[in-house]
Amino acid sequence: MRSLPNIIITGTPGVGKTTTAAQILSLASSSSPSINLKHLSINDLVKTRECHSGYDEELQTLIVDEDKLMDEVEKEIEDGDGEGGWVIDWHSTAGFAVRWVDLVVVLRCEETNVLFDRLSARGYKDNKVQENMDAEIFGVVSEEAKEGWEEEGQVVELKSVEAEDIEENAERIMQWVKSWVKDHAT
Ligand code: DAT
């Protein structure tokens, strides 16, 4: 049984997953006593462990080998020290075992002009910007998460439009972590 919860921060590219994860980690390390949360960037894992089968030029993205990726994720979160405390950052929850994760946070940026600017600033091609904006409008990531984690309260959607949202969301997630620890104290 892990002593810290595992959390997925998910959502359409550009909603603020990486920024929010970094803020959560910063709050965790500066809290007293500090809380040993660890960032698991699935983007990095895909690249460093080569969990892909090449590059899709049209969509400007690596073609992810989901089976291989999930084997690597499992190694990290189950075969490690088993203590939990992973803050996982990925644009999808597909393939993740429900038992690996205690909380799924879906960040939302339904202000399409804001998301448009963030994705364009990354140099994404028009079709990739459009595809991601459509996914955000239709709530694709959110629907997928709700299908996987049906227990009440395991999936939360948080607005990530303004800079203050990052602070507020990170604070809220930290509060949730602290109460999870309290509830699971032996
Ligand atoms: P993701 O990891 O979901 O792809 P990110 O954290 O890399 O997104 O953020 C993309 C860019 O948008 C980055 O320059 C930070 C900015 N950003 C994200 N969420 C924001 C928010 N709520 N307020 C202001 N800027 C935000």
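The values are calculated or read from the model by the stated rules, or taken from the named source; none is laboratory data. A quick note: this is a predicted structure, and the numbers were derived from the prediction, not measured. Every residue, glycine as well, gets a Cβ built from its backbone with ideal geometry; the counts of neighbours run over all protein chains shown. Side chains included, ligands, DNA and RNA excluded: accessible areas come from the protein's heavy atoms. Shrake-Rupley method; radii C 1.70, N 1.55, O 1.52, S 1.80 Å.
Name the single residue, out of those in the range 10-37 being more than 25 Å from K125 (Cα to Cα) and not in a helix (DSSP H, G or I), that is nearest to the ligand (Cβ to nearest atom).
It comes out as L37.
How do the pairs read when you match residues in the range 7-34 that are under 20 Å from T112 (Cβ atoms) with residues anywhere that are open to solvent by 40 Å² or more (accessible area, probe 1.4 Å), using Cβ under 6 Å and keeping only pairs 6 or more apart or on different chains?
P13/H91; G14/R118
Select the strands (runs of 3 or more DSSP E) contained entirely in the range 59-117, then report the ones holding at least 1 residues which are within 13 Å of the ligand (Cβ to nearest atom) and under 14 Å from the mean Cα position of the chain (by Cα).
Strands (runs of 3 or more DSSP E) meeting the threshold: 86-89, 103-108.
Taking the options S53, S41, S32, name whichever one is surrounded by 13 or more Cβ atoms within 10 Å (Cβ to Cβ) and not basic (K, R).
S41
Going by what's in this entry, would V161 be described as surrounded by fewer than 18 Cβ atoms within 10 Å (Cβ to Cβ), farther than 22 Å from T61 by Cβ and in contact with a helix residue (DSSP H, G or I) (Cβ under 6 Å, 6 or more places away or on another chain)?
Yes: the conditions hold for V161.
Matching residues to (1) closer than 21 Å to V141 by Cβ; (2) touching a strand residue (DSSP E or B) at 6+ places or on another chain (Cβ under 7 Å); (3) of a type in the set (D, E):
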site	(1), (2), (3)
P33	no, no, no
L37	no, yes, no
G54	no, yes, no
Q60	yes, no, no
D71	no, no, yes
E78	no, no, yes
D81	no, no, yes
G84	no, yes, no
V87	yes, yes, no
